[in-house]
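Handing you this structure, nothing more for now.
No lab work stands behind these numbers, since they all come straight from the coordinates. In this text, all values refer to a predicted model and were calculated from it rather than measured experimentally. Heads up, the Cβs are rebuilt from the backbone with ideal geometry, glycines too, and the neighbour counts pull from every protein chain shown.
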Amino acid sequence: MKKLFVLLIAVLATFTLVACQEETTVDVTTTEGIVEVEFLNYSSNGGQEDTLDAMVDAFETENPNIQINVETLGYDDYFTQLAIRVAGNQAPDVFELNIENFRAYADKGAIAEIDTSDLDLTNVHETTLSAFQIDGDQYGLPTKFSNVVLIYNKDLFDDASIAYPTDTWTWDDELVAAQAISALGSDIFGVFRPIQTWEFYKTVAQNGGAMMNADQTAFTLNSDENVEALEMMIARVNDTNVTPTTEQMGGMGDWDLFLAGRLGMIVTGIWAFNHFAENATFEWDICVEPGITQKATHFFSDALVISESSEVQEAAAKFAAFISGSEEAALLRANANWDLPVALTDDVRDAYTAITPPENKEAVFSSLDYLVMPPSLERFGEVADDLQSFVDQAIAGTLTAQEALDQAQAYIQDKYID
Amino acid sequence: MNKLQKNIGFYIILFLVPCILGYVVFSLLPMFSALYLSFTDWDIIGGTPDLIGIKNYVDIFTDKEFSRVLLNTFKFIGLYIPSIMFMSFLVANLFNSKVKGVGGFRVLLFIPVLTSWVAGSIIWRSALNGQYGIVNNLLSLIGIDGPGWLTDTSWSMVSIVMVSLWKDIGFFSLIIFGGLRGIDKTYYEAAQIDGANRFQMMRKITLPLVSPTLFFVLITTIINSFQLFPQVMVMTGGGPLGSTQVLVERIYIYGFRYFRMGYASAYAVILLAIIVFVTLMQMLLQKKWVFYE
């Protein structure tokens, strides 16, 4: 019995030792009165680290009493790492969230409301600012945003002797061109857009449909507009085959297929510009993506948010506002061709447009008139996967588009709403 | 007797403390946490978990996804277990024969065992591509139009099983080979004198005497089957159309993709219950066919 007691003491002592080490907290202000702000981000990973460093330097020069400690993670690990840190009360003071994850963090109370009264956000594009508001309160300061355009291989259009796409094109125009390009060879395809939930909500909007009703109280997955749009998406693959099947892709990504000169048109994000400019061996340009009955294109945005548990929220907000709204940071971003800065002043716009290819960068700005967003649901990621499982059956031909969306509507409405 | 010898039990326990502590902190604690979390709606970022009773379990059992996942797991077991048992036994007998060059063969078969699951799966993913993969290219040489191994629902699980066999056969045949080597040669000599043929020797001597090893292999492979994960994650990601979704894959998706730790924990507890049940059943049934000398 006594031995057991000693054993227990030994175990407890070790626990206490481990526990005590956590107690020593780091002082927020160092002896020189410098405030340290921890900043975690993913979007500078893979090529824009230096640009971010330059922004941080510019901020620190303006605010000598604030020191930003930047930490950059790859996108694949980022959200797992972030969740674990937040759970372990080790959340960074400022961190980056994309619009897809913003809602979940805000709803869970993990991020703080930002008092914008003292911050200069006059330059910030209105749509992006409101995208990170909840009931009119600001919970994130957007830094950059992006949309999706139609990127086309000029050489293939020349080979097929057809005219380049224009901003007024519809799906019908696109199909005619895609068929002409597909005819160039058995391993050449006309157009690529993935058939998945993230593409679905936009495409149905192009046909006047939507995934949910206006006040987001019910799903409307199997509306006539939606079914028609899905049929058109699938016909591109299965009937006209101007879009390659998974097998025809042969494990290649859509970007690689385009860069290999085997794809006439690709509907993809403006974040592809850098990669295409560096790697394409042919001429290419962009235009606003075609609509069905109307235009619609994606809106993506990243924002800086402030941890609810941060002890330096004021300094953190100052930093976030600088990255978001200052022309200085926006110019650094634009000159580095790092997506579209939200502080779209005339100078920033000029700097962004000056970098070519693509020549027709105006199309990026024209697309801003047609932005659509996915339903703002905390569990949208799950809804997306569930819908995908039904859409996949329609692609495989085991269900018609109508059946797939009927079943998806019943299942998803029951699981997430009722 | 000095003091140390007198208190030897105490010192043994004392020196075991670091080890026990490691077990408690890294195994027991997480296990009991998972059990607790399975009754909560913990989503990592939302702070303190709320107790929601058995809702997670009810949700799992009422979602048709669960029966699909179980069916996929049993499909894997049904294809994999008989194949691995039979083939490993066959290969082990080959190892045991006095054929020239059998040592080299043993090494070759063991190489996949040393390969990491992820690396192996990536190679097989491209080899099994329906359009450009080397497997279908070779098949077309002999006039067979190969299927979309990983994109066709009727072949996806078969492909997973084939790759699992490729990976595991070296290991389990080596273990059975060890069992075969342990059989006393005199049994065979006696049987030969009595005029037994090879089939009779296999049935009456080899199988009963190697049965404890076969039992070990069976338990291990079944537990492994329920824990099927890396090959699925890398090769198919659970698709196409959920045809390769299995228990551990679901745990991973719910835990680290949707961050629904409570739900994922409930799945994990169910997995544990299944494995414990199946293993207990095997322990009971072993009396019927396993012989210990």
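Given a Förster distance of 22 Å, report the FRET efficiency between B:L51 and B:Q227 from their Cβ-Cβ distance, rounded to the nearest 0.05.
Numbers: r = 28 Å, r/R0 = 1.29.
Between B:L51 and B:Q227 the formula returns 0.20.
Something else now. Using modelled backbone amide H atoms (1.01 Å from N, in-plane), which distant-in-sequence or interchain residues come within less than 5 Å of A:I66's amide H?
A:V35
Using Cα pairs under 8 angstrom and six or more residues apart, how large is the relative contact order of chain A, in percent? Present the calculation step by step, with values, prior to reporting the outcome.
Numbers: 669 pairs, mean separation 101.7, N = 418.
Reported relative contact order: 24 percent.
Please compute the contact order of the range B:10-168 in relative form: average sequence separation of alpha-carbon pairs under 8 Å and at least six residues apart, divided by the residue count, as a percent.
On the way: 90 pairs, mean separation 24.8, N = 159.
In percent, rounded to a whole number, it is 16.
Could I ask something else about it? Choose one answer from A:I266, A:I114, A:I34: the residue with the largest mean-square fluctuation in a GNM of chain A with alpha-carbon springs under 10 Å.
Looking only at A:I266, A:I114, A:I34, the biggest GNM fluctuation is shown by A:I34.
So who's got an amide H within less than 5 Å of the one on A:F192, skipping anything under 5 residues away but keeping other chains? H placed 1.01 Å off N, in plane.
Here A:M265, A:I266, A:V267 satisfy the definition.
Sticking with this structure for a sec: Which percentage, to the nearest 5, of the DSSP beta bridges contained in the protein assembly as shown is antiparallel? Provide the component values of the computation, followed by the final result.
Details: 29 of 44 bridges.
Here the share of antiparallel DSSP bridges comes out near 65 percent.
Counting only DSSP beta bridges with both residues in chain A, what percent are antiparallel, rounded to the nearest 5? Walk me through the numbers before you get to the answer.
Values: 28 of 43 bridges.
Roughly 65 percent of the DSSP beta bridges within chain A come out antiparallel.
Suppose the chain between A:F365 and A:A410 were pulled fully straight at 0.36 nm per residue; how much longer would it get relative to their current alpha carbon spacing?
Values: separation 45, 0.36 × 45 = 16.20 nm, distance 3.84 nm.
Gain in length upon complete extension: 12.4 nm.
For the range A:22-173, what class follows from the C-alpha gyration tensor (a ≥ b ≥ c being the square roots of its eigenvalues): rounded when a/c is under 1.5, otherwise prolate if a/b is larger than b/c, else oblate? Provide the component values of the computation, followed by the final result.
Details: a/c = 2.17, a/b = 2.02, b/c = 1.07.
Here the range A:22-173 falls in the prolate category.
Something else: With n ≥ 4 as the cut-off for DSSP H runs, can you work out [θ] at 222 nm for chain A, using -39500 (n - 2.57) per run divided by the number of residues, rounded to the nearest 500?
On the way: 18 runs with 190 residues, N = 418.
Computed mean residue ellipticity for chain A: -13500 deg cm²/dmol.
Helix by helix, which DSSP H runs in chain B go 30 Å or more along their axis at the Cα atoms and have an average Kyte-Doolittle hydropathy of -1.0 or more? Please report the intermediate quantities before stating the final value.
On the way: long enough: B:64-96 (47 Å, 0.93); B:153-181 (42 Å, 1.19); B:261-289 (41 Å, 1.40).
The qualifying helices are B:64-96, B:153-181, B:261-289.
Moving on to the next point. Using a simple charge model, +1 on the beta-carbon of Lys and Arg, -1 on the beta-carbon of Asp and Glu, nothing else, what dipole does the range A:269-359 show about its Cα centre, in debye to the nearest 20?
Numbers: 4 positive and 15 negative charges, 36 e Å.
Its charge dipole is roughly 180 debye.
Taking the Cα centre of the protein assembly as shown as origin and charging only Cβ (+1 Lys, Arg; -1 Asp, Glu), how large is the dipole, in debye to the nearest 20?
Numbers: 39 positive and 84 negative charges, 1336 e Å.
Result for the protein assembly as shown is approximately 6420 debye, rounded to the nearest 20.
Now a separate question. Just check chain A against the gyration tensor rule for me: Cα atoms, a ≥ b ≥ c as the square roots of the eigenvalues, rounded for a/c under 1.5, and otherwise prolate or oblate depending on whether a/b exceeds b/c. Could you put the intermediate results ahead of the total?
On the way: a/c = 2.07, a/b = 1.49, b/c = 1.39.
Cα axes put chain A in the prolate bin.
May I pose another question? Mind putting a number on the dipole of chain A about its Cα centre? Charges go on the C-beta only, +1 for Lys and Arg and -1 for Asp and Glu, and I need it in Debye to the nearest 20. Walk me through the intermediate numbers first.
Values: 18 positive and 70 negative charges, 214 e Å.
The calculated dipole for chain A is roughly 1020 debye.
Quick one: length gained pulling B:W166 to B:K3 fully straight, 0.36 nm per residue minus the C-alpha distance? It would help to have the intermediate numbers written out before the result.
Values: separation 163, 0.36 × 163 = 58.68 nm, distance 5.69 nm.
Stretched fully, the B:W166-B:K3 segment lengthens by 53.0 nm.
Now, a different point. Contour minus end-to-end for B:Y292 and B:I274, with contour as 0.36 nm per residue of separation and end-to-end as the Cα-Cα distance? Walk me through the numbers before you get to the answer.
Values: separation 18, 0.36 × 18 = 6.48 nm, distance 2.70 nm.
Stretched out fully, the B:Y292 to B:I274 stretch lengthens by 3.8 nm.
Here is a further query. So for the pair B:Y132, A:W198, with labels modelled 7 Å out along Cα→Cβ, what separation do we get in nm?
If labels sit at B:Y132 and A:W198, their model points lie 2.2 nm apart.
Rounded, prolate or oblate: which fits the protein assembly as shown, taking a ≥ b ≥ c as square roots of the Cα gyration tensor eigenvalues, rounded meaning a/c under 1.5, else prolate when a/b beats b/c?
Judged from the Cα gyration tensor, the protein assembly as shown comes out oblate (a/c at least 1.5, b/c at or above a/b).
If you average the sequence gap of Cα pairs under 8 Å that are 6 or more apart and divide by the length of the range B:131-281, what percent do you get for the contact order? Present the calculation step by step, with values, prior to reporting the outcome.
Details: 101 pairs, mean separation 31.7, N = 151.
Averaging sequence separation for qualifying contacts and normalising by length gives 21 percent for the range B:131-281.
Pick out the long, greasy-scoring helices in chain A: whole DSSP H runs spanning 18 Å or more along their own axis by Cα, mean Kyte-Doolittle at least -1.0.
Details: long enough: A:2-23 (31 Å, 1.36); A:49-62 (20 Å, -0.44); A:75-87 (19 Å, 0.05); A:224-238 (20 Å, -0.09); A:380-396 (24 Å, 0.32).
Going by DSSP H runs, the hits are A:2-23, A:49-62, A:75-87, A:224-238, A:380-396.
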